[in-house]
1. Viscosity 1.567 mPa s, temperature 4 °C: what is the translational diffusion coefficient of the chain from Stokes-Einstein with a Kirkwood Rh over Cα pairs, rounded to a whole number of µm²/s?
2. What is the Cα centroid distance between segment 27-90 and segment 95-109, reported in whole angstrom?
3. Per residue, how much accessible area does the chain have with a 1.4 Å probe, in Å²?
4. Specify which residue in the list Asn72, Asn10, Val53 is farthest towards the positive end of the charge dipole of segment 2-117, using unit charges on the beta carbon of Lys, Arg (+1) and Asp, Glu (-1), about the Cα centre.
5. Run the numbers for Asp22 and Phe120: contour at 0.36 nm per residue of separation, minus the present Cα-Cα distance, in nm.
6. Count the DSSP beta bridges whose two residues both fall in the chain, then state the antiparallel fraction as a percent rounded to the nearest 5.
7. Only four residue types carry charge here, +1 at the Cβ of Lys and Arg and -1 at the Cβ of Asp and Glu. Report the dipole size of segment 1-41 about the Cα centre in Debye, rounded to the nearest 20.
8. Just for the Cα atoms in segment 41-82, what are the lengths along the principal axes, largest first, rounded to whole Å?
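The values are calculated or read from the model by the stated rules, or taken from the named source; none is laboratory data. Since the structure is predicted, the reported quantities are computational estimates derived from the model, not experimental observations. Here Cβ is always computed from backbone atoms with ideal geometry, including for glycine, and neighbour counts include all displayed protein chains. The protein model used for the area step is the full one, side chains on, heavy atoms only, and it has no ligands, DNA or RNA in it. Shrake-Rupley method; radii C 1.70, N 1.55, O 1.52, S 1.80 Å.
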Amino acid sequence: MLVYASKTQNVARFIQKVKYTDVLEVKTGMEEIEKPFILVTYTTGFGEVPQEVQVFLEKNHHLLRGVCASGNRNWGMNFAKAGTMIAQRYHVPLIHRFELAGLRQDIQIFEEGVDQIGLFREE
Ligand SMILES: Cc1cc2nc3c(=O)[nH]c(=O)nc-3n(C[C@H](O)[C@H](O)[C@H](O)COP(=O)(O)O)c2cc1C
């Protein structure tokens, strides 16, 4: 399934555009999950993983199969760094990094990456 976090709705709009329908939003980090998932998150602070996402991953990282992050290129080296950090920390593929709500090409890259991981065959 897809798990996402979105503060100002960019990631939420990205999620609405992708073909998968099994979706959970992380709001507090206390959400419960029992299936493997792909995470799509925004980036905050100076290239940081949002707090609620950190809390969620502490409990559920064993089910994490890949990560994708939104950001803004104005942040330079910190562009979508939440994705890079999560991929490194939990040893999962960084599927893609995109700006704001993503363009059509971002959706395509993301879906190809998710399909390659084969998550939705696993369920
Ligand atoms: C306070 C704040 C800090 C941010 N820091 C970063 C950052 O370090 N790197 C980055 O790429 N984007 C950064 N962004 C941009 C957001 O990650 C980007 O707008 C994203 O699309 C937001 O997703 P959301 O609308 O789903 O919350 C920041 C935005 C805000 C408001």
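1. Diffusion coefficient, whole number: 93 µm²/s.
2. Measuring centre to centre over Cα atoms gives 16 Å.
3. The answer is 55 Å² per residue.
4. Asn72
5. Computed gain between Asp22 and Phe120 is 34.3 nm.
6. Antiparallel bridges: around 5 percent, rounded to the nearest 5.
7. Dipole of segment 1-41, to the nearest 20 debye: 300 debye.
8. Per principal axis, max minus min of the Cα coordinates gives 32, 18, 11 Å.
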